[in-house]
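**Student:** The structure under discussion is supplied below as structure tokens; questions concerning it will follow.
The values are calculated or read from the model by the stated rules, or taken from the named source; none is laboratory data. Remember, predicted model here, so these are calculated numbers, not experimental data. Note: ideal-geometry Cβ built from the backbone for every residue, glycine included; neighbour counts use all protein chains shown. Heavy atoms of the whole protein, side chains included, go into the accessibility calculation; ligands, DNA and RNA do not. Shrake-Rupley method; radii C 1.70, N 1.55, O 1.52, S 1.80 Å.
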Amino acid sequence: MDCYLVEGGAKLSGTVQVNGSKNAALPILAVSLMTGGRCTFRNVPVIRDLQTQVKILNTLGIESQWDGHTVTTKVVDTYNSVAPYELVKTMRAGVCVLGPLLGMRGQATVSLPGGCVIGERPIDLHLKGLAALGAEIAFDQGNIHVKAPRGGLKGATIYLGGKFGSSVLATDNVMCAAVFAKGVTVIECAACEPEVVDLADCLNAMGAKITGAGSPRITIHGVKRLKGVDWSVIPDRIETATFLIAGAITQSPITIAGGRPDHQLAVLDVLRQMGVEVKRNGSKMTVVPGGRPKSAELATLPYPAFPTDVQSPMLALMAIANGTSIVTERIYPDRFMAAAEMKRLGANIAVSNGQAVIQGVERLQGAPVMASDLRCGAALVLAGLAAQGQTRVSRIYHVERGYERFEERLRKLGAKISRVSEESVEAAAGA
Ligand code: EPU
């Protein structure tokens with residue numbers, strides 16, 4: 001298995017181009033199930049989760065082709081509507097084929113995604129929404145079966161909020177199923193994330209009639225069929241934020257190009273509180289090197305507030321800030337695995353009841369650490385960039401689920417990071 005070796009302290013410079021959004025591309029690729037036409041999806045990041053999604057679609061009768069960041073798809077048979085456990089268990093987002101399959105084929109079976117290291121991730125809201133459209137739902141041997149009633153799905157008004165607020169993939173699933181429901185569906189307390197808007201825009205380009213995406217009320221007028229589409233996925237706002245923090249933590253003037261500054265308002269606001277200036281020029285954002293960042297307070301909440309997916313990377317910056325920072329995690333209260341690993345680097349972080357109190361230290365010290373999820377892995381790399389000496393980040397397959405050629409792009413900016421086999425590091429240490 002490979003790991004990253006990061007030599008801290010290097011200054012970065014230059015420009016990095018943001019890739020397409022993982023969390024927009026995952027549900028968008030699933031709309032290939034909803035048309036007999038050919039679909040072309042551009043700006044798809046070449047990462048493990050998208051490769052898994054394409055494999056799931058292949059098992060559901062879709063022929064696909066990758067060419068760089070472009071994926072073309074076409075349904076060649078509709079015989080199988082079962083998304084297999086072996087694939088869905090490796091990536092929870094596999095559940096987003098549920099709505100498209102139910103809407104188009106009248107039935108779907110998806111293995112129930114189990115727990116996840118970032119906390120409990122139920123799908124009760126997905127099922128509540130589909131049931132409100134008339135779907136019959138059954139569980140059997142770890143699988144969920146959803147089936148449209150005899151006369152087909154019927155539009156309904158559905159309140160989709162849960163105890164943690166709105167749900168991104170539940171909104172996606174219900175919106176997709178409702179595209180083919182008779183009459184009008186209104187989703188109340190819909191997720192407002194830009195990824196939901198991108199999915200709605202893509203469906204509309206295929207002939208759907210969806211209004212209100214990006215607000216808490218989405219209205220869907222049912223249609224009979226959709227045509228193929230040529231769609232370019234929005235830039236990844238979490239990757240953008242990760243690179244902004246890379247600039248801030250190394251106090252380096254890097255430019256992040258091709259992102260959407262309007263999707264970064266909460267992150268830019270926290271950076272501003274911390275004294276990190278970011279200059280905007282169209283779609284480009286440049287970090288202006290300053291002194292040691294100041295402490296800040298933040299709470300993660302659904303969009304447009306601070307994203308949970310940027311919480312771990314931001315912990316890395318707070319770990320070296322001047323003063324005490326407080327982070328309240330309101331989406332996944334247990335998502336603080338990065339904190340325990342950062343303590344190995346000398347960070348002073350106390351976590352309890354969904355809150356982290358970070359006493360900034362002047363300098364982190366390199367050490368071997370382990371990624372336990374995608375954003376934790378990215379955060380550890382960021383911490384390593386600022387630490388004194390060498391940081392070894394293991395289990396980087398988590399990072400590669402969501403960041404394309406992460407270490408190569410950081411290296412091009414001047415970071416001292418390499419991807420080597422764990423065995424070679426251990427052999428060298430033992431020699
Ligand atoms: N929730 C429920 N019931 C449900 C669904 C969700 O209670 O049926 C709860 C969750 O447990 C959580 C909250 O609602 O507390 C929000 O979860 P949401 O459903 O919005 O999460 P998701 O749609 O499964 C997407 C992203 C995650 C991101 C979250 C929150 C994709 C593929 N995944 O997940 O991304 O953290 O929204 O913004 O879009 C990541 O990229 O690292 C990642 C984990």
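**Student:** Calculate how many DSSP beta bridges within the range 22-231 are antiparallel, expressed in % of all such bridges and rounded to the nearest 5.
**Tutor:** 75
**Student:** Once the convex hull of the C-alpha atoms of the chain is built, how many Å³ does it hold per residue, rounded to a whole number?
**Tutor:** Enclosed volume per residue, from the Cα hull, is 132 Å³.
**Student:** What chymotrypsin sites (Phe, Trp or Tyr not before Pro) does the range 1-101 have in DSSP loop regions with at most 14 other beta carbons within 10 Å?
**Tutor:** Of the chymotrypsin sites (Phe, Trp or Tyr not before Pro), the ones in loops of the range 1-101 whose Cβ has at most 14 other Cβ atoms within 10 Å are Y79.
**Student:** Rounded if a/c is under 1.5, else prolate if a/b is larger than b/c, else oblate: which is the range 22-231, with a ≥ b ≥ c the root eigenvalues of its Cα gyration tensor?
**Tutor:** Rounded shape, in that the Cα axes give a/c under 1.5.
**Student:** Now for a different question. With the other protein chains left in place, how much accessible area per residue, in square angstrom, belongs to the chain at a 1.4 angstrom probe?
**Tutor:** Result: 39 Å² per residue.
**Student:** Which entries in the list K22/K412; K279/K416; K11/K55; K163/K284; K163/K227 go over 30 Å, if you measure between the two C-alpha atoms of each?
**Tutor:** K11/K55; K163/K284; K163/K227
**Student:** Mind checking the alpha-carbon convex hull of the range 54-110 and giving the volume per residue in Å³?
**Tutor:** Once divided by residue count, the hull of the range 54-110 is 82 Å³.
**Student:** For an R0 of 60 angstrom, estimate the FRET efficiency from the Cβ-Cβ distance between Q390 and V184 and round to the nearest 0.05.
**Tutor:** For Q390 and V184, the calculated efficiency is 0.50.
**Student:** Just reorder T324, T308 by solvent-accessible area, largest first, 1.4 Å probe, all chains present.
**Tutor:** Result of the area sort, largest leading: T324, T308.
**Student:** Separate question: At what distance in angstrom do the alpha carbon centres of the range 146-177 and the range 71-85 lie from each other?
**Tutor:** Each part reduced to its Cα centre gives a spacing of 22 Å.
**Student:** I'd like the distance separating the alpha-carbon centroids of the range 362-396 and the range 234-289, in whole Å.
**Tutor:** With the range 362-396 and the range 234-289 each reduced to a Cα centre, they are spaced 20 Å.
**Student:** Also, I was wondering about something else. Mean-square fluctuation check for the chain, GNM, Cα pairs under 10 Å: which of K55, K163, K227 is largest?
**Tutor:** K163
**Student:** In the chain, what percent of the accessible surface is made up of carbon and sulfur (1.4 Å probe, ligands and nucleic acids excluded)?
**Tutor:** 50
**Student:** When we measure straight from the Cα of K294, which lysines land under 17 angstrom away, once same-chain ones fewer than 8 places off are left out?
**Tutor:** Partners within reach: none.
**Student:** Beyond 18 Å, how much of the Cα-Cα pair distribution for the range 101-184 remains, as a whole percent?
**Tutor:** That tail contains 40 percent of the Cα-Cα pairs.
**Student:** Oh, and also: Quote the FRET efficiency, to the nearest 0.05, computed for H221 versus S424 with a Förster distance R0 of 60 Å and r equal to the Cβ-Cβ distance.
**Tutor:** So, using R0 = 60 Å, E works out to roughly 0.55.
**Student:** Can you tell me the Rg and the Dmax, both Å, for the Cα atoms in the range 252-306?
**Tutor:** Radius of gyration, then largest Cα-Cα span, for the range 252-306: 11.6, 31 Å.
**Student:** Right, another one. Output the Cα-based Rg and Dmax of the range 376-415 in Å, rounding Rg to one decimal and Dmax to a whole number.
**Tutor:** 9.9, 27
**Student:** Reported to two decimal places, what Rg/Rh ratio describes the range 325-412 when computed on Cα atoms with Rh from the Kirkwood expression?
**Tutor:** Radius of gyration relative to Kirkwood radius: 0.97.
**Student:** Moving on. Filter the GluC sites (Glu not before Pro) in the range 325-431 down to the DSSP loop ones having no more than 11 other Cβ atoms within 10 Å, then list what survives.
**Tutor:** Here the GluC sites (Glu not before Pro) that fit, given the DSSP loop and packing criteria, are E362.
**Student:** Based on the Kirkwood radius over alpha-carbon pairs, what value in µm²/s does the Stokes-Einstein equation return for the translational diffusion coefficient of the range 157-200 at 4 °C and 1.567 mPa s?
**Tutor:** Translational diffusion coefficient: 122 µm²/s.
**Student:** Let me ask something else. For the range 26-70 and the range 194-226, what is the centre-to-centre distance using only Cα atoms, to the nearest Å?
**Tutor:** 19
**Student:** How many nm is it between the label spots at E136 and E86, if each spot is 7 Å from the Cα in line with the beta carbon?
**Tutor:** For the pair E136/E86, the computed spacing is 3.1 nm.
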